[in-house]
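The values are calculated or read from the model by the stated rules, or taken from the named source; none is laboratory data. The structure displayed is predicted, hence computed values, not measured ones. Here the Cβ positions follow ideal geometry from the backbone for every residue, glycine too, while neighbour counts run over all protein chains shown. Ligands, DNA and RNA are stripped out before the accessible areas are found, and what is left, the full protein with its side chains, is counted by its heavy atoms. Shrake-Rupley method; radii C 1.70, N 1.55, O 1.52, S 1.80 Å.
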Amino acid sequence: MNNEWIYIAALDEIPRQGARVIETGHGDIAVFRTLSDQVFALRDHCPHQGGPLSQGIVHGEKVTCPLHNWVIELNSGVAVAPDEGCAQRYAVKVEHMQVFVAL
Amino acid sequence: MKEKLVLVGNGMAGVRTLEELLKLAPDKYDISVFGEEPHGNYNRILLSPVLAGDKSFAEIVTHDADWYRKNGITLYKGDKIVAIDRKKRRVQSENGVELEYDRLLLATGSKPFILPIPGHDLDGVIGFRDIHDVNRMLQAAAPGKHAVVIGGGLLGLEAANGLKKRGMTVTVVHLLDTLMERQLDKAAADLLKHELESTGLRFHMPAQTEAILGEPCVTGIRFKDGIELTADLVVMSVGIKPNIELAKSCGIYCERGIIVSDTLQTFDPAIYAVGECVQHRGSLFGLVAPLFEQARVCSNHLAEYGIARYQGSITSTKLKVTGIDLFSAGEFQGGENHETLTLQDPARGIYKKLVLQDNRIKGAVLYGDTVDGAWYFQLMRESADISAFRESILFGQAHVGDSGYGNENKAVNLPDSAEICGCNGVCKGDVVKAIVEKKLYTLEEVRAHTKASSSCGSCTGLVEQILASTLGGDYSTAPSKQALCACTALTHDEVRAAISSAAYQTIRDAMAGMEWKTPDGCSSCRPALNYYLLCRWPGEYRDDAQSRFINERTHANIQKDGTYSVVPRIWGGVTNSHELRAIADVADKYEVPTVKITGGQRIDLLGIKKQDLPGIWRDLNQAGFVSGHAYGKSLRTVKTCVGKDWCRFGTQDSTGLGIQVEKMTWGSWTPHKFKIAVSGCPRNCAEATIKDLGVVCVDSGYEIHVGGNGGIKVRVTDLLVKVATEAEVLEYTGAFMQLYREEARYLERTAPWIERVGLAYVKHRIVDDRRGREALYQGFVAAQQNAQIDPWAELAGNTEYCRQLAPLTLPV
Ligand SMILES: Cc1cc2nc3c(=O)[nH]c(=O)nc-3n(C[C@H](O)[C@H](O)[C@H](O)COP(=O)(O)OP(=O)(O)OC[C@H]3O[C@@H](n4cnc5c(N)ncnc54)[C@H](O)[C@@H]3O)c2cc1C
Ligand code: SF4
Ligand code: FES
């Protein structure tokens, strides 16, 4: 595993209360931006049946999966109880309005 | 400095108000509580099981010392407020504590009414109100001794049952010949009496007590007719009397109770009152459900939130005596302008009576089989028109079939293995287990824990039945109003009303103004707010894409693999070779894996990658297509048959009319999806009678039908009106859609909406009220001017947005 910070995009290119997808060799990653400009990255694959989390509604620090409404915590990737499961999370940083991810 | 709030009366209504207040404004007040009883708060309702020995006192305590401490509340227990100085805003307690207040909350409850007959003050004459009374009864309750309970109402019978279970010989004395006359009619009361007698209770009724005998302790009781009975204990349970002495003594206006307004304020605006001590719009209260509603409203105002209004409650009752099934609600006696439906089956001990007015339930008495109590109560509260299933309503929800409210089986009779929620594969046993083990009380909680009813929602009724039957006696603790979601305590209707009255213009303003509990809501409330704002301010409101479900954000339908499907609009389902060729070209160019005809007579292109959407939109737009909105809570399609141009049975130009209707209605956002069809004759090839709005052409004009549904729960439309011209069809259609847009709750289809408000109401607004109809139609047409903008053209032209649809790539 590579711990380098990789530049992704300018913060503005990710919609507020929304997400962008990064295509990688080992699957898609969803990069979320909350109302208060917090940024998080999760594997774009819902722990339930693999729904694209990047397409869900972002609220607080959570996203609701568009397929069957599981709610996933953005900072941990863990599904909100009583659902159980976890989407892999990736480290992100924002520096000078630029977003970096460590894969 | 925090403001000071003092609560007088540490009982069910007062403490519930504090609980609700702490949820809304935890830091607003320094709270002090005075309670005459030397305990924390307990569930007074459950005193009956304590008396009967089924529960201990510890089990019914709801708020112990720890709760008050944790919430920073000072509790003065066993201390009573004896004076209020309203000028100085001070209260004074019996033990000499003096406190100032900014707001005062009176929740002093009520007292048992003690008949002023000779001997009423003897040792051994006890009311039934608090744990102290229960302890006194238990001291006197040795097996073999005699108890007399004066009063055959709810409380008297529960007391009698408890004492009998403690081994006493118990006689109930009642003034009338009908037990529980406040809840039961004669027929049900007789069944009840019979059944209680068979358990060993004795009755002396009708009978008027003249004196209680003994000195200094009770030894017996004498009636007007001279008959005497032995008694070691007399429980007086003839009624309650609001506890208003304190309020009166400081000059607060009282009649039978403390008079309060719809905001639960007394005549002194700094003083609020809730619970059994109040009188609201002429009514007094004796059950917890309305008190909890008052608590909710009162806390809303104490938090200076200022939205909620208390407008009275409808209540229902059950008797907490094991083995007896009894349910009563509303105006169960009937009377002028009322009709009654009854079912009597003495052999099975079953009696059911419904009181109706204009095909709406006004009251119900059920004895022996109360499974449908919750259902009748819901129909009653929602004032639903029951004419569609009136013939079978007494047989219960199970027999109603598929007319919306019906379910095929009574949940209670189902085996544990029966599947309740087909979407999520949840069985009855799973639901019951979760309710019991996780102590669930609401539909929301059951949804969260089991997933039952969380998808299509068609099993909601069943889940509610299971909830009601599993919770049993705790029925009244279930909240009677459904909050929009966990982010607010307000209901859909309250939120909607506040958007109008406070003129909120954005989701953010609305959430701030209504004190949302979360910073930016959740995936339930944001789409609802977005819709309500859009509907209320059609010209001004700026749609919030991030508060829309992905389908409405991308104007395409998300599929299980994360690809999308696209449906171009084909007006009335009529196409031509040019359009078909253009669609074929798009299918080739973007390698669309599946092309399918939909149920609504349109062409669906499936399996499209998100980043290809802008290209497809652009190509289809260039060929003259606009979005088919096959994904939205909006007008879907207008399905038509060929009609009189071709069909030998056709009476009118159904195709042409369908196209006109579609041109008028496309692009409109609605609370849920909206489907229309037009058939050229009653053979109804376009299946118009299972659509939200269906037009059936006849020789002499057009029948307009509404409220149909062909989904999980098939519902046939109701006939709204018959009109003579195409122009009228357009006007009624626009007016009906606008009424639905303005009044249905978000995600409520027309079928359940009509069943909730009643067809008669819809007819009244659309058919009888000509001016009203015209205004609704104008409102619809005006809103459409802002709505009929093709989202595909708009988005395809928005390069910023299109770029965001494409994935980001990593630098290599
Ligand atoms: C045995 C029994 C069974 C019941 N069963 C049901 C049922 O099945 N379903 C149902 O809906 N309802 C039932 N009820 C009714 C329900 O319990 C009451 O409606 C509810 O408790 C009233 O709440 P409240 O806060 O108004 O009054 P209370 O709960 O009576 O609280 C008032 C409190 O204020 C205190 N107080 C009074 N004056 C002062 C003062 N000056 N200073 C300090 N403290 C004071 C009192 O001591 C009391 O503790 C039952 C009641 C009883 C007694
Ligand atoms: S509904 Fe009537 S007019 Fe239309 S196709 Fe069928 S038979 Fe012909
Ligand atoms: S795939 Fe995400 S909720 Fe089912």
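Residue by residue, here is whether (1) hydroxyl-bearing (Ser, Thr, Tyr); (2) more than 11 Å from ligand 1 (Cβ to nearest atom); (3) open to solvent by less than 70 Å² (accessible area, probe 1.4 Å) holds:
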residue: B:85; (1), (2), (3): no, yes, yes
residue: B:89; (1), (2), (3): no, yes, no
residue: B:98; (1), (2), (3): no, yes, no
residue: B:110; (1), (2), (3): yes, no, yes
residue: B:119; (1), (2), (3): no, yes, yes
If you check residue B:526 against the conditions, is it facing chain A (nearest Cβ under 9 Å), surrounded by 21 or more Cβ atoms within 10 Å (Cβ to Cβ) and free of Cβ contacts under 8 Å to residues at least 12 places away in the same chain? no
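Here's the yes/no breakdown for (1) acidic (Asp, Glu); (2) within 13 Å of ligand 3 (Cβ to nearest atom):
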| residue | (1), (2) |
| --- | --- |
| A:25 | no, no |
| A:29 | no, no |
| A:33 | no, no |
| A:40 | no, no |
| A:44 | yes, yes |
| A:47 | no, yes |
| A:57 | no, yes |
| A:70 | no, yes |
Which of (1) within 40 Å of the chain's Cα centre (by Cα); (2) modelled with pLDDT under 95 does residue B:142 not meet, given it meets every other one? (1)
Determine if region B:515-523 includes at least one residue that is over 23 Å from residue B:442 (Cβ atoms), in contact with a strand residue (DSSP E or B) (Cβ under 7 Å, 6 or more places away or on another chain) and either of a type outside the set (Phe, Trp, Tyr) or buried (at least 16 other Cβ atoms within 10 Å of the Cβ) (or both). yes
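Do any strands (runs of 3 or more DSSP E) entirely within region B:288-348 hold 2 or more residues that are surrounded by fewer than 17 Cβ atoms within 10 Å (Cβ to Cβ) and touching a residue at least 12 places away in the same chain (Cβ under 8 Å), and if so, which?
Those strands (runs of 3 or more DSSP E) span B:339-345.
Considering only residues that are part of a strand (DSSP E or B) and at the interface with chain B (Cβ under 7 Å from one of its Cβ atoms), look in region A:14-27 and name the one that is most open to solvent (accessible area, probe 1.4 Å). Before you say what the answer is, go through the steps one by one.
Within region A:14-27, the subset part of a strand (DSSP E or B) is A:18-24, A:27.
Narrowing the set further to residues that are at the interface with chain B (Cβ under 7 Å from one of its Cβ atoms) leaves A:18, A:20-24.
On the way: A:18: 3, A:20: 9, A:21: 24, A:22: 1, A:23: 85, A:24: 26 Å².
Here the answer is A:23.
Here is a yes/no grid of residues against (1) at pLDDT 95 or above; (2) assigned to a strand (DSSP E or B); (3) within 16 Å of ligand 2 (Cβ to nearest atom); (4) charged (D, E, K, R):
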residue	(1), (2), (3), (4)
B:660	yes, no, no, no
B:664	yes, no, no, no
B:671	yes, no, no, no
B:677	yes, yes, yes, no
B:694	yes, yes, yes, no
B:704	yes, yes, yes, no
B:713	no, no, no, yes
Answer yes or no as to whether residue B:115 is of a type outside the set (Ser, Thr, Tyr) and buried (at least 20 other Cβ atoms within 10 Å of the Cβ). no
Residue B:139 being polar (S, T, N, Q), closer than 25 Å to residue B:57 by Cβ and open to solvent by 70 Å² or more (accessible area, probe 1.4 Å): yes
Scan region B:124-143 residue by residue and report those that are over 21 Å from residue B:167 (Cβ atoms) and not in a loop (DSSP other than H, G, I, E, B). B:132
I need a count of the residues in region B:529-548 that are in contact (Cβ under 8 Å) with a residue 24 or more places away in the chain and within 29 Å of the chain's Cα centre (by Cα). 11
If I go through region B:32-49 residue by residue, how many of them are aliphatic (A, V, I, L, M) and either within 16 Å of ligand 3 (Cβ to nearest atom) or open to solvent by less than 10 Å² (accessible area, probe 1.4 Å) (or both)? 2
Filtered residues of region B:568-613 (kept if closer than 25 Å to residue B:804 by Cα, β-branched (Val, Ile, Thr) and more than 43 Å from the chain's Cα centre (by Cα)): B:586, B:592
When region A:28-51 is examined, which residues are found to be more than 8 Å from chain B (Cβ to nearest Cβ), assigned to a strand (DSSP E or B) and within 20 Å of residue B:522 (Cα to Cα)? A:30, A:32, A:33, A:39, A:40, A:41, A:42
Filtered residue count, region B:772-812, keeping only those that are more than 14 Å from every other protein chain (Cβ to nearest Cβ) and not aromatic (Phe, Trp, Tyr): 22
So which residues in region B:349-367 are surrounded by fewer than 19 Cβ atoms within 10 Å (Cβ to Cβ) and small (Gly, Ala, Ser)? B:349
Qualifying position, being more than 24 Å from residue B:306 (Cα to Cα), more than 10 Å from chain A (Cβ to nearest Cβ) and not charged (D, E, K, R), among B:572, B:513: B:572
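Which of the residues spanning region B:567-601 are of a type in the set (A, V, I, L, M) and touching a Gly at 6+ places or on another chain (Cβ under 8 Å)?
Result: B:567, B:570, B:582, B:592.
Please go through region B:662-673 and pick out each residue that is under 8 Å from residue B:633 (Cβ atoms) and open to solvent by less than 10 Å² (accessible area, probe 1.4 Å).
Answer for region B:662-673, where residues must be under 8 Å from residue B:633 (Cβ atoms) and open to solvent by less than 10 Å² (accessible area, probe 1.4 Å): B:670, B:671.
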Filter region B:256-266 for residues that are part of a loop (DSSP other than H, G, I, E, B) and in contact with a Cys (Cβ under 9 Å, 6 or more places away or on another chain); the one that is surrounded by the fewest Cβ atoms within 10 Å (Cβ to Cβ) is B:263
Turns out the strands (runs of 3 or more DSSP E) fully within region B:582-649 with at least 2 residues that are open to solvent by less than 20 Å² (accessible area, probe 1.4 Å) and touching a residue at least 12 places away in the same chain (Cβ under 8 Å) are B:603-608, B:635-640
Looking only at region A:34-50, how many residues end up being in contact with a Phe, Trp or Tyr (Cβ under 8 Å, 6 or more places away or on another chain) and either within 16 Å of ligand 2 (Cβ to nearest atom) or farther than 22 Å from residue A:12 by Cα (or both)? 3
In region B:84-121, residue farthest from residue B:17 (Cα to Cα) [restricted to those that are charged (D, E, K, R) and out of contact with any strand residue (DSSP E or B) (no Cβ under 7 Å at 6 or more places or on another chain)]: B:121
Mind listing just one residue for me: the one in region A:56-103 that is under 25 Å from residue B:517 (Cβ atoms) and hydroxyl-bearing (Ser, Thr, Tyr) and, of those, farthest from ligand 2 (Cβ to nearest atom)? A:76
For region A:73-85 the number of residues that are buried (at least 19 other Cβ atoms within 10 Å of the Cβ) and either in contact with an Asp or Glu (Cβ under 9 Å, 6 or more places away or on another chain) or in contact (Cβ under 8 Å) with a residue 60 or more places away in the chain (or both) is 2
Please indicate, with yes or no, whether at least one residue in region B:487-506 is within 10 Å of another protein chain (Cβ to nearest Cβ), open to solvent by less than 20 Å² (accessible area, probe 1.4 Å) and either at positive phi or not acidic (Asp, Glu) (or both). yes
